[in-house]
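Working notes, beginning with the structure itself.
The values are calculated or read from the model by the stated rules, or taken from the named source; none is laboratory data. It should be emphasised that the depicted structure is a prediction, and the values quoted were computed from it without experimental measurement. All Cβ positions, even for glycine, are placed from backbone atoms using ideal geometry, and neighbour counts span all protein chains on display.
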Amino acid sequence: MSHTAITDQPAPVDPPGGHGRGGRGGRGSGGNGDLSQRSLPRWAPMGFAVLAVLIGSGIGAGAGLDSKVQWGLIAVVAFLAISYGVTTAVENQRQAKDRLATSVVWVCFVLAVIPLFSLLWTTISRGVKALDLNFLTHSMAGVLGSEQGGGVYHALLGTLEQVGIATVISVPLGLLTAVYLVEYGKGALAKAVTFFVDVMTGIPSIVAGLFILSLMLMTNTQPSGLMGSLALTILMIPVVVRSTEEMLKLVPNELRESALALGVPKWRMILKVVLPTAIGGITTGVMLAIARIAGETAPIILLVFGSQLINANPFEGAQSSLPFYIYEQYKVGEVAAIDRAWAAALVLIAFVMILNLVARGIARWKAPKSGR
């Protein structure tokens, strides 16, 4: 008498759309589960760029175009056309539109970066001719515009003092104004303050200089570094207010509510919770505001008058500054003076770059640490 053996293992079942064991449709299997499609390699955009540059150079040279800018524009158009056409043929139109949008973004980025690198390269290549330790530690006392030698020490000292005074005045005013607008400001007064801050943001530097000059004429005040600092303060305050206001708005309201729920007074909550949380962004905004006023020339020409001598007292007598020194030396027109102007421009760019690096370092240092 025979009997059928019963096992615990079920019979193998092919997955849907499969063909036999492990019947998933792989690449080239021809099954219904085959979702693969042709795609361009990762190096395709670089290849398109190289081909576009060759096309732009060939058309520009063949057409006798002297301007390299025209060559570049032709290469840009060729790059976009090649990217869209090849992607449409190899992949599909949807991917082609996506690649075209990405290519436009990269082209705009490159077009924005090229002038910056060109400016930086020109300043470095021409500024290193006169930049040395003697240039940084001497003034222009007794040096004629056509003579070699001289330095930028008096202008660098004036810039540091004028920008420092403007920072000491602007930062507390801007910080307190931003705290009022975010934490307390309501009604017509807050709207009026916001409106005037927006208006002051777009004020030309010459207008700020003329305003302080009118006060000097009314009070019979002599030019000094302090007068230039007051004009720079007018330019710096709205930048500090706007950047600080945006950073304070990024602080989560839950932090404020938690502190208030513990019975902490509002002023102490702002001082101990809100400001420490936003201190990184606030510091970055302040550094960017300092970098913005460090290169102003018009208020210094009107209010400080410039000087060839070292004047360490910003409250009395004419002073110089790096922007004024650059203007003054370039106006002389001699080769030695122009070299000094380029060297001073390089010092000013280095000063601004150092401020930006310090701002980024402080922002990263003070940024809230994210837990795992």
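Here are a few things to note about the model shown:
Let's see how each residue does on (1) outside any loop (DSSP other than H, G, I, E, B); (2) crowded, with 21+ Cβ neighbours inside 10 Å; (3) in contact (Cβ under 8 Å) with a residue 24 or more places away in the chain:
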position: THR277; (1), (2), (3): yes, no, yes
position: MET287; (1), (2), (3): yes, yes, yes
position: ARG292; (1), (2), (3): yes, no, yes
position: LEU309; (1), (2), (3): no, no, yes
position: GLY317; (1), (2), (3): no, no, yes
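- Of all the residues in segment 337-367, those that are of a type in the set (Gly, Ala, Ser) and free of Cβ contacts under 8 Å to residues at least 12 places away in the same chain number 2.
- For the condition more than 24 Å from ILE59 (Cα to Cα), within 27 Å of the chain's Cα centre (by Cα) and not assigned by TED's automatic domain parsing to the domain that holds VAL335, TRP106 does not qualify.
- Single match in LYS272, LYS331 (criterion: in the same structural domain as GLY225 (by TED's automatic domain parsing) and more than 26 Å from LEU176 (Cβ to Cβ)): LYS331
- With respect to the stated conditions, LEU144 is more than 30 Å from SER243 (Cβ to Cβ), assigned to a loop (DSSP other than H, G, I, E, B) and free of Cβ contacts under 8 Å to residues at least 40 places away in the same chain.
- Check on THR177, in the same structural domain as GLU246 (by TED's automatic domain parsing), at pLDDT 90 or above, of a type in the set (Val, Ile, Thr) and within 26 Å of the chain's Cα centre (by Cα): yes
- Candidates VAL105, VAL128: the one that is surrounded by fewer than 14 Cβ atoms within 10 Å (Cβ to Cβ) and in contact (Cβ under 8 Å) with a residue 40 or more places away in the chain is VAL128.
- Residues of segment 330-340 that are buried (at least 21 other Cβ atoms within 10 Å of the Cβ) and of a type in the set (Gly, Ala, Ser): ALA337 alone.
- Residue identified as surrounded by 12 or more Cβ atoms within 10 Å (Cβ to Cβ) and either in the same structural domain as GLY164 (by TED's automatic domain parsing) or not hydrophobic (A, V, I, L, M, F, W, C) (or both) among VAL241, VAL199: VAL241
- Restricting segment 339-372 to residues that are of a type in the set (A, V, I, L, M), part of a helix (DSSP H, G or I) and more than 16 Å from LEU119 (Cα to Cα), the residue that is modelled with the highest pLDDT is ILE354.
- Checklist (1) surrounded by fewer than 20 Cβ atoms within 10 Å (Cβ to Cβ); (2) in contact with a strand residue (DSSP E or B) (Cβ under 8 Å, 6 or more places away or on another chain) applied to VAL168, failing item: (2)
- Single residue of segment 147-178 satisfying the filter (of a type in the set (Val, Ile, Thr) and assigned to a helix (DSSP H, G or I)) that is nearest to PRO252 (Cα to Cα): THR177
- For first residues located in segment 202-220 and closer than 22 Å to GLY317 by Cβ, partners that are part of a helix (DSSP H, G or I) and among the β-branched types (Val, Ile, Thr) and lie 6+ apart or on another chain with Cβ distances below 6 Å form the pairs ALA208/ILE234.
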